[in-house]
Amino acid sequence: MKLARSALLLAGLAGALLLAPPARAQAQALDRAGLVQELCGDAGAMGRAGATLAATAAAGSDEDRAWAAPLARAAIDRKLGCDETGAVLEEGGLDAVTRTPRAATGTPRAPLLSLRNRPVFELGDAAFALRGAPDPARRAAALKTLERRPALIPERLLDRAAEAETDAGLKEQIDTLAQTAALNAADPAARIRAIGRVAENPSRRALTRISALARDPAYEANPEFRAAVDAATARIERGIAIGDALATLYNGLSFASILFMAAIGLAIIFGLMGVINLAQGELIMIGAYVTWLVQQGLRAVAPGLLDWYLILAIPVAFLVTAAIGIALEASLLRHLYKRPLMSLLATWAVSLFLMNLVRVVFGTQNLQFETPFYVTGGVPVIGDFIFTWNRMFAIAFAALTLALTWALVRRTPFGLNIRAVTQNRDMAACIGIPTRRVDMMAFGLGSGLAGLAGLALSPIYSVNPQMGQNFIIDAFMVVVLGGVGTIAGTVVAALGIGQINVLIEPLWGAVAAKVIVLLMIIAFLQWRPEGLFAVKGRRK
Amino acid sequence: MSLTALLVDGVTVRFGSFRALDDLSLAIDYGEVRAIIGPNGAGKTTLLDVISGITRPKQGRVLFDGATDLTEISEAAIARAGLRRKFQKPSVFKGLSVRRHIAIGADVGFRARLDAPALEDRIDEVLEIVGLADQAGRLAGELSHGQKQWLEIGMVLASDPKVLMLDEPVAGLTDEETERTAALVRALRRPDRAIVVVEHDMDFVERIADRVTVLHEGRTLFEGSMAHVRADAAVVDVYLGR
Amino acid sequence: MSRIGPTSPIVLLIGLIILVAMAMAGLAGTEFALSRYLANAIGQLAAFAVLAISLDLIWGYLGILSLGHGLFFALGGYLMAMYLLKHSFEITATVPDFLQFMGWKDFPFYWAGFEFFPYALAVAVVVTLLVSGIFGYVSFRSRVGGVYFAIITQALVYVAMLLMFRNDTGFGGNNGMTGFTVLFGWPMGTSGMITALAVASLLVLAWVLLGCRWLVGSRFGALMLATRDDETRLRTMGYETLRLKLIVWCLSALIAMLAGMLYVPQVGIINPRVLSPELSLEIAVWVAIGGRGHLVGAVIGALLVNAVKFWLSSAAPEIWPFILSGLIVLVVLVFPNGLMDIAKFKFVRPMGAKRLAADLGESRP
Amino acid sequence: MVKFSRRSLLQASGLAAVGLASPLSAPAFLRGAQAQSGPVKLGCLFSSSGTMANLEGRLNYVVKMAAEEINAKGGVNGRTIDVLVSDPASDWPLYAQSAKQMLQQEKVSALFGCWTSVSRKTVLPVVEQENALLYYPLHFEGDENSKNVVYVNSPPASSVLPAVDYLMGEEGVSAKRFFMLGSDYVWPRTINKQLKGYWKSKGIPESAWKEEYVPFGFSNFQTLVNQIRAFADEGGGQPVVILTVVGNSIPDFMREFANQGILATDIPVLGLDMVEADLEGLDTAKLVGHLNCWAYLQNAKGPANEAFLNNWAGYVKANNVPFSGTVSIDPMVSAYDSVHLWAMAAAKAGSFDVPEVSKAFAGLTFDCPSGYKISMTGENNYVARGVFIGSVNDAQGFDILWQSKDTPKPVPFSPYG
């Protein structure tokens, strides 16, 4: 832990910043040609150039800042063309130094930022944007970038930015960040305030920063300081504990939602017809492919709606897979109801067929999906718990599917028929329920739900012809554990398996988690062969 | 030997919230043919399931010979103790010959109980009784419905059981076949054997039964001779739904 | 049960197998000998046929579908491989590479004694009986049956695969075991050894066929069929079907293990792929295509599917999955009794008759 | 009867294979006579179906392309090259089966094949038995040196270690802490074992690394990414992830990594098996800066690479190849090199006999598309290649961040294991 503080910063980078004293930029005019030359130099030179840029952003004259800002961006985007005479900004075709239009000579080389230099340039770019960008959203984004590395923010940058800031909300945020950044300032009051600020966003990273202060001379000398550090440490640790618990719950819930989506269609089909549909995984895969096709269609027809393809694909994915399911039922499985084990083999053949058909038609590569804003990234909540939107999408989708399926089965005549046939096929037939039609429609429903599962999974997993295979055994386990054909059983089993998996995984690893969960299920079924929510009845 | 072959004592069976048998008690004596009747869902077949060990009751016990509690031993042990049952739906082994069926019924356990000539004699005897002697070589799956019913009776008969349970032995039979079955059941009556018949066909029941138990909603509604049954107002109510 | 006449298919098949074995043995070394590739292929096919019989015994004659028979096949295979590696190590001092990459100086303790074939065989039998016995006992006792049993066995083989993929188990992990050089003191890979292994596999196949035919024709076999057709019925006639099922299940596991022991020296490698649920499912496909409940059908199914697979994987790899899935659909819809039906199949036939045949087909041996 | 028909069936299979591969080849019984003058055969063992198809499938075409190039220049020793393709369907035992079939029935002069270590291990006893040659185009775990295998790509000591050195150095990110995440099989385990040995030799304490393995095809990386974050936040120096998961686990991991908001500038990932094809389905804007390391990157400079990329694009177009003509990955180039190296050895030996060809290995050099002159020494069957470190760009490709000065001498057996 001796090095704990340096964990946050790239040690060498801090050195680079020191090597390029801000005084240079302040005292004398910026050596523009020299800077551009460094930008086109080797990794070390580029590092110095980055430091100069950051310093300029903090302390340079307005003129210099206006001149230097595009350079940082261009370096990040590899839009800087270096040639014999200097460099050209590819955007607009301007000379990097003089800003007069000129074409690059020969084949210009776009320097590539090394990993070490990249954060320096990103910081510099953000610093320029915070002080100069006209768009408040851009400034807010820049502030977010700066927040990632508070220790590297050039001195006085935040003060100056706050002075000039016109947006009140943003101004406050800048002040907060400035206070946080004062963790190692000279003023004890500022430091204590900074400790409080840091503790407001508990995370392991924050804990590392604060606990490093316990070795600070002030910790022994200043009781007030010590109290602040201790309080902050306790607060952060509590936050981390809550965050970890929430993260475990969330991860379990998200895994459960995936299991549920994969299993619910299967559960309906299995419960109703006793047919093990080994092609369910492939129907999931086809659902994902249909989603992709919808995306491609929108790209061609209505690019403006492209971001909404995940929503627009819902009915399409459902209907296409449901149609496939109905066709399958009518042409093949209808003839096999008396022979459940044969229907198992038949659906395996179908799965083989569908998988290879898709392989031949679309190829084996992973499909490329746009990631719309609503399934991108996440929000840090507390501790190290990040609420990721793609998982949330899957959870919400699963919850909605559950609600709709439940309503369909419990609240509609079709659902009543399904339940009647599930419970007693012969009796249902006697009272005039068209059991064959119900079978067909229910198979369609189960298949359609698989299609929806494919849609929900496409922002999370790779989509390729093989993807269905990953879910089939897990889905079966959910169905048999839950008890045949009960929606409640499927939900409970999915939640249980998901949560247990997530709990075991950090302890013994992912393989062991899977093995243990499967063995637990096998053992459980020995004890209760009919699953959690068994429907009991007389021997038929 | 106790006169009572079977004592059903406070048996309750539940399927979910539905009570198939509700604190049911009844006694069946050696030497009698007991018919159990009642509307659909009264619990007749469930009762046989409990006696033959297929369904385990939630409460209560079933004493055989006054000593053995049948709810605590396996189906196979129950059968070996001398209780045999013919199922409602003829359930023959489609892949086996008629002769094999009788042999399986007669020769219990993995090691042969009878030596070969004795077994052959017993099979011939049983085939003669149920009238399938000329069908001995055929596969059971190819028999007619009536023949299957008799084959089933032959199978349970072959081991010379003490308690014989027949679940709807004449369902789906022609009048002539019913006639033959009735004669067969009467012929099987012996002082050291109790015969339990579940049946809907009242005429058939009247011809074979010494006593009749009427079940309704898992409870005994009435017990007595068929003539009394026909006269009982409550029974008529249940059957005609008034 | 029907008598075995001199012209019944099973007698013809056994005769044929022995004939092929004798011809291969007799022609070995002459210019008429089969190429090594063909001899080896025949040997592998025979091992697959034995595996198919093991599944047919439990599925066709007892009505219990196991989608985890790859587990027992793999058990035999792994233990055979352990013998081969240890034996090769004794003679040629080649250190198995999984020891190398795990950084182990020596074989783990449970490898002790595997250089003796009788010990390896005994361990294989004991372990197979233990695994199948325990799993069978608890499953059959709690009356897990039908598709539940199929799914659970599938999960079991999947668990085994995940475990064997782990490298720290000391069984070679994902790479499995390979590099066998010596068998019973003889170098492997020579024409003589390949032919010998193929002939041995064929003879084992003939023996297994004969033994199973005897079993299913016996009184015990009749009880197996009775269990398949109506287990509850049989129980209510005084038979402990648990014991019967357990005996057949363990026997079937042993035969599958035997097939694994024959397979590994011929293919030269064992790894967790044989534990993949797909392979276990495929065994059921062989049996279904050939005709379940017929020993001959199982053998024909295994031979046919695998021969076509060997052939197509070089001739027309793209279409193999389509052919396989088409075959399955054809079998389940048109020949419910597998290819054994072709002999009896008449092309002009009313629908109802077909359905009746289908119903009978599920049960007739 | 049946014996005859089974024989003929299997022979027919051989026939059909020949028939498909070269319509002009004669029936089986004429092959003996033809062997001296007809085309010389090479065999490919790459799956075109199953889990590996997306990666392995394209190598079949590269081998064919290389053979065409050689044929256009008059072939080898006066004979043209004929390439036979099989499909082991990503099913390991089938690799051995196909290899047997190619060697024993088709009498191919050399095999080119296998991607995963396990498939190579499967084929190994077959090629050793037949004393044949297998050209293996993948980087792998090392610790193997069969005289019957030509290891065209680099063992870890000459590829992975330079990349890790780079990360640990001043020029890289001064990495101090390492999270090793791999699929549970030989290659990741061996790589990690060697890395640990290497770090130990540098005096780095064991507390500075952590090792996790996931099953094949694993995709739910949420918990693991959480663990990586916790590991990184413990402090103690710059953390990096050494990623040795394979197949679809790679995009699934990267997606989750980016989704949890971790950038390459926070925790860089060195994806040792990551190629352009793995980025196909991803939004790489959030992955910019992550690293991989191979003996070839598509952005390699030089005329050899330009020519190769042009040829490949042209070949894809002309032959309707079901793979992208604009993506070129290291194993493709390695397979391409393999064919040329074989042809040069055969020409040098003046024979197609394996022992003769093997003797000719020493001193072979070839201008690889990577821009390096790759070479074989004869000491072992390894090929000396250059090393590239690539950095993910926002166009789903890799920019070259660093490359070795020359071709380091391959070290089959790691000194750190």
Is it the case, given these coordinates, that D:Glu130 is farther than 22 Å from C:Val264 by Cα, among the acidic types (Asp, Glu) and either free of Cβ contacts under 8 Å to residues at least 40 places away in the same chain or within 11 Å of chain C (Cβ to nearest Cβ) (or both)?
no
May I ask you to verify whether A:Ala234 is in a helix (DSSP H, G or I) and not assigned by TED's automatic domain parsing to the domain that holds A:Ala494?
yes
So which pairs qualify, if the first residue must be in segment C:230-243 and within 7 Å of another protein chain (Cβ to nearest Cβ), the second must be of a type in the set (D, E, K, R) and surrounded by 22 or more Cβ atoms within 10 Å (Cβ to Cβ), the Cβ gap must be under 6 Å, and the two must be at least 6 apart or on different chains?
C:Arg235/B:Glu75; C:Thr236/B:Glu75; C:Thr236/B:Arg85
Cross-chain or 6+ apart pairs with Cβ under 8 Å, segment D:95-107 first and more than 7 Å from every other protein chain (Cβ to nearest Cβ), then among the hydroxyl-bearing types (Ser, Thr, Tyr) and in a helix (DSSP H, G or I):
D:Tyr95/D:Ser119; D:Tyr95/D:Thr122; D:Met102/C:Ser314
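Just one of A:Gly415, A:Gly432 is surrounded by fewer than 21 Cβ atoms within 10 Å (Cβ to Cβ) and at positive phi; which is it?
On the way: A:Gly415 fails: at positive phi.
Among A:Gly415, A:Gly432, only A:Gly432 is surrounded by fewer than 21 Cβ atoms within 10 Å (Cβ to Cβ) and at positive phi.
Residue-wise test of (1) surrounded by fewer than 24 Cβ atoms within 10 Å (Cβ to Cβ); (2) farther than 29 Å from D:Met52 by Cα; (3) touching a Lys or Arg at 6+ places or on another chain (Cβ under 9 Å).
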site: A:Ala453; (1), (2), (3): no, no, no
site: A:Leu457; (1), (2), (3): no, no, no
site: A:Ser462; (1), (2), (3): no, no, yes
site: A:Gln469; (1), (2), (3): yes, no, no
site: A:Ala475; (1), (2), (3): no, no, no
site: A:Thr486; (1), (2), (3): yes, yes, no
site: A:Gln499; (1), (2), (3): yes, yes, no
Looking at segment C:40-159, what helices (runs of 4 or more DSSP H) fall wholly within it and have at least 1 residues that are surrounded by 22 or more Cβ atoms within 10 Å (Cβ to Cβ), away from every other protein chain (no Cβ under 12 Å) and of a type outside the set (Lys, Arg)?
C:70-92, C:117-141
With the checklist (1) closer than 16 Å to C:Leu55 by Cα; (2) modelled with pLDDT under 85; (3) part of a helix (DSSP H, G or I) in hand, flag the one item C:Ala288 doesn't pass.
(2)
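Does A:Phe387 fit the bill of being farther than 19 Å from A:Ile269 by Cβ and of a type outside the set (Val, Ile, Thr)? Outline the logic, then answer.
Numbers: farther than 19 Å from A:Ile269 by Cβ: yes; of a type outside the set (Val, Ile, Thr): yes.
For A:Phe387, the condition - farther than 19 Å from A:Ile269 by Cβ and of a type outside the set (Val, Ile, Thr) - is met.
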Residue check, B:Trp150 against (1) part of a helix (DSSP H, G or I); (2) closer than 26 Å to C:Lys245 by Cβ, all met but one. Which one?
(2)
Quick check on this structure: which one of A:Asp439, A:Asp426 is away from chain D (no Cβ under 12 Å) and surrounded by fewer than 20 Cβ atoms within 10 Å (Cβ to Cβ)?
A:Asp426
Might you let me know whether segment D:109-116 holds any residue that is at the interface with another protein chain (Cβ under 9 Å from one of its Cβ atoms), under 26 Å from A:Pro465 (Cβ atoms) and buried (at least 22 other Cβ atoms within 10 Å of the Cβ)?
yes
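Among the candidates A:Asp244, A:Asp216, which residue alone is within 13 Å of chain D (Cβ to nearest Cβ) and of a type in the set (Asp, Glu)? Outline the logic, then answer.
On the way: A:Asp216 fails: within 13 Å of chain D (Cβ to nearest Cβ).
From the options A:Asp244, A:Asp216, the qualifying one is A:Asp244.
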Could you grab me the full set of residues in segment D:248-282 that are more than 8 Å from chain A (Cβ to nearest Cβ), out of contact with any helix residue (DSSP H, G or I) (no Cβ under 8 Å at 6 or more places or on another chain) and part of a loop (DSSP other than H, G, I, E, B)?
none
Regarding segment B:144-166, can at least one residue be identified that is closer than 19 Å to C:Gly238 by Cβ, over 14 Å from the mean Cα position of the chain (by Cα), surrounded by fewer than 14 Cβ atoms within 10 Å (Cβ to Cβ) and without any contact (Cβ under 8 Å) to a residue 40 or more places away in the chain?
no
Report whether or not A:Asn464 is within 14 Å of chain D (Cβ to nearest Cβ) and within 30 Å of C:Arg143 (Cα to Cα).
no
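Suppose we keep only residues that are of a type in the set (Val, Ile, Thr) and within 11 Å of chain D (Cβ to nearest Cβ) within segment C:276-318. Which one would you say is nearest to C:Ile14 (Cα to Cα)?
Within segment C:276-318, the subset of a type in the set (Val, Ile, Thr) is C:283, C:285, C:287, C:289, C:296, C:299-300, C:305, C:308.
Within this subset, residues satisfying the condition of being within 11 Å of chain D (Cβ to nearest Cβ) are C:300, C:308.
Details: C:Ile300: 12, C:Val308: 22 Å.
Checked segment C:276-318; the qualifying residue nearest to C:Ile14 (Cα to Cα) is C:Ile300.
If you scan segment D:388-416, which residues turn out to be in contact with a Leu (Cβ under 8 Å, 6 or more places away or on another chain) and of a type in the set (A, V, I, L, M, F, W, C)? Walk me through how you get there before you give the answer.
Here is the first cut: in segment D:388-416, the ones in contact with a Leu (Cβ under 8 Å, 6 or more places away or on another chain) are D:388-392, D:396-401, D:416.
Residues satisfying the conditions are D:Phe388, D:Ile389, D:Val392, D:Phe398, D:Ile400, D:Leu401.
Quick check on this structure: which one of A:Arg131, A:Arg160, A:Arg138 is free of Cβ contacts under 8 Å to residues at least 24 places away in the same chain, within 16 Å of A:Arg65 (Cβ to Cβ) and of a type outside the set (A, V, I, L, M)?
Values: A:Arg131 fails: free of Cβ contacts under 8 Å to residues at least 24 places away in the same chain; A:Arg160 fails: free of Cβ contacts under 8 Å to residues at least 24 places away in the same chain.
Every option except A:Arg138 fails the conditions.
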Only one of these conditions is not met by A:Leu449: (1) free of Cβ contacts under 8 Å to residues at least 12 places away in the same chain; (2) on the phi < 0 side of the Ramachandran plot. Which number is it?
(1)
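Residues checked against (1) in a loop (DSSP other than H, G, I, E, B); (2) in contact with a Gly (Cβ under 7 Å, 6 or more places away or on another chain):
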position: C:Met237; (1), (2): yes, yes
position: C:Arg243; (1), (2): no, no
position: C:Leu246; (1), (2): no, yes
position: C:Trp249; (1), (2): no, yes
position: C:Glu278; (1), (2): no, no
Scan segment B:166-203 for residues that are closer than 17 Å to B:Pro39 by Cβ and in contact with a helix residue (DSSP H, G or I) (Cβ under 9 Å, 6 or more places away or on another chain) and report the count.
8
Verdict on D:Gly142 being assigned by TED's automatic domain parsing to the domain that holds D:Asp266, in contact with a helix residue (DSSP H, G or I) (Cβ under 6 Å, 6 or more places away or on another chain), assigned to a loop (DSSP other than H, G, I, E, B) and crowded, with 23+ Cβ neighbours inside 10 Å
no
Check segment D:355-370 and report whether any residue there is in a helix (DSSP H, G or I), touching a Cys at 6+ places or on another chain (Cβ under 6 Å) and touching a residue at least 12 places away in the same chain (Cβ under 8 Å).
no
Positions within segment B:60-76 being outside any strand (DSSP E or B), buried (at least 16 other Cβ atoms within 10 Å of the Cβ) and aliphatic (A, V, I, L, M), in sequence order:
B:Leu70, B:Ala76
Modelled with pLDDT of 85 or more and among the β-branched types (Val, Ile, Thr) - does that describe any residue in segment A:370-387?
no
All conditions in (1) crowded, with 24+ Cβ neighbours inside 10 Å; (2) hydrophobic (A, V, I, L, M, F, W, C); (3) in contact (Cβ under 8 Å) with a residue 12 or more places away in the chain are true of D:Val83 except (1)
For D:Trp187: the one exception among (1) under 30 Å from C:Ala160 (Cα atoms); (2) away from chain C (no Cβ under 14 Å); (3) of a type in the set (Phe, Trp, Tyr); (4) assigned to a helix (DSSP H, G or I):
(2)
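The values are calculated or read from the model by the stated rules, or taken from the named source; none is laboratory data. As the structure is a prediction and not an experimental result, all values here were calculated from the model. As a convention, Cβ positions derive from the backbone with ideal geometry for all residues, glycine included, and neighbour counts pool all protein chains shown.
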